[in-house]
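Working notes, beginning with the structure itself.
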Amino acid sequence: MAARPGRTPVTTSFARALSGHDAELVRSDGGTARLDVDRWRGAAAGEDAWLIERCRGSTIDLGCGPGRLVEALVARGIETLGVDVSPEAVAQCTGRGVPVLNADVFAPLPREGLWSHALLADGNLGIGGDPAALLHRAGRIVGPGGTVLVELDPAEPGLWRGEARVRSRDDLTPPFPWACAGLAAFPDLAAGAGLRVGACHRGVRQFVELWRDHADAGRGCRHRRGPLVPERGAPRGTR
Ligand SMILES: C[S@@+](CC[C@H](N)C(=O)[O-])C[C@H]1O[C@@H](n2cnc3c(N)ncnc32)[C@H](O)[C@@H]1O
């Protein structure tokens, strides 16, 4: 569980939010976003179903928080592992009785290259402050033919990178590198990571499915750039 040099570890940055205190993310550009701590701590519900239904094989949830998605997938009989750097998140996963590993997503993880799906839910594309690097990492954690399922920031028109703090009442954490990405950033982000854009969901929340092609044996994979592909047969309100 390595902290990157010169950076405050995010081990505790989300701790107050994870333990249920109202909190917001405060970006270095002045933008703020409320953290949905009730959703993190509750059971999987609503639009989480879009993510859950796409996980048809072994799944690793990167930055799993309290583990609601891990819990829902395990209940479906899907082999699932949550990974989180925060002891508070890990304790809550353990309390739910779901498999979890206390680790940094950039540290070595079990069965790298063999997972069918990797989840980056609820803003987790921001982890580390470099979405291109994180997507590349996630794309190597899943195997060829696997997918990375990413939640986007509907308020972000493109790509924002900087630092953020978590504010909860009078408490403001030290800054840590963070990023936010909207739909428009994805063709380039995905292509740069050697992933192909698949289905997307545009509801109150937004998700995109990124494929690591079967032909990709670790390098030289095929990319497809261009507009995001609306999901065929999507229910109303999704594209
Ligand atoms: C925005 S919360 C999302 C929580 C979770 N995805 C959910 O839906 O409940 C971000 C989570 O990522 C974790 N995290 C941040 N940086 C991490 C890292 N480098 N490695 C692993 N987990 C990390 C935090 O501890 C926190 O639980």
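Each semi-axis of the equivalent ellipsoid for the chain is √(5λ) with λ an eigenvalue of the Cα gyration tensor; in descending order they amount to 25, 20, 18 Å. Taking the protein heavy atoms of segment 71-178 in the context of the full set of protein chains, the accessible area attributed to carbon and sulfur is 54 percent at 1.4 Å. Taking only the C-alpha atoms of segment 77-139, the Rg (one decimal) and the largest Cα-Cα distance, Dmax (whole number), read 12.0, 33 Å.
Full extension of the chain between Glu53 and Asp171 yields a length gain of 38.7 nm, computed as 0.36 nm times the residue separation minus the alpha carbon distance.
Largest first, the residues Val142, Val100 sort by 1.4 Å accessible area into Val100, Val142.
A simple packing score, the average count of other Cβ atoms within 10 Å per residue, orders the peptides 194-204, 69-79, 83-93 as 83-93, 194-204, 69-79, with the highest score first. For segment 140-219, the direction-averaged projected area of the alpha-carbon convex hull comes to 6.7 nm².
Taking label positions 7 Å along the Cα-Cβ direction at both Ala107 and Ala45, the computed distance is 3.3 nm, reported to one decimal. The simple Förster model, with R0 at 22 Å and r as the Cβ-Cβ distance, assigns Asp38 and Val204 a FRET efficiency of 0.90. Take the chain with all the other protein chains still there, run a 1.4 Å probe, and you get 45 Å² of accessible area per residue. Name the residue from Leu35, Gly194, Val166 whose Cα lies farthest towards the positive end of the charge dipole of the chain, charges +1 on Cβ of Lys and Arg and -1 on Cβ of Asp and Glu. Comparing the listed Cα positions along the dipole, Gly194 ranks first. Our compactness index for segment 57-179, the C-alpha radius of gyration over the empirical 2.2 N^0.38 Å, is 1.06.
Debye-formula intensities of segment 37-86, expressed as log10 I(q)/I(0) at q = 0.14, 0.19, 0.27, 0.29 Å⁻¹, are -0.30, -0.55, -1.09, -1.22 (one equal scatterer per alpha-carbon, no solvent). The magnitude of the dipole of segment 164-208, with charges of +1 and -1 set on the Cβ of Lys/Arg and Asp/Glu and taken from the Cα centre, is near 140 debye. Overall, the chain carries a charge dipole of about 580 debye about its Cα centre when +1 sits on the Cβ of Lys and Arg and -1 on the Cβ of Asp and Glu, all other atoms neutral. Averaging Cα coordinates gives a centre for segment 149-183 and one for segment 26-89; these two points are 16 Å apart.
The values are calculated or read from the model by the stated rules, or taken from the named source; none is laboratory data. Please read these numbers as outputs of a predicted model, since none were measured by experiment. Methodologically, a virtual Cβ is constructed for each residue, glycine included, from the backbone with ideal geometry; neighbour enumeration extends over all protein chains shown. For accessibility, only protein heavy atoms count, side chains too; no ligands or nucleic acids. Shrake-Rupley method; radii C 1.70, N 1.55, O 1.52, S 1.80 Å.
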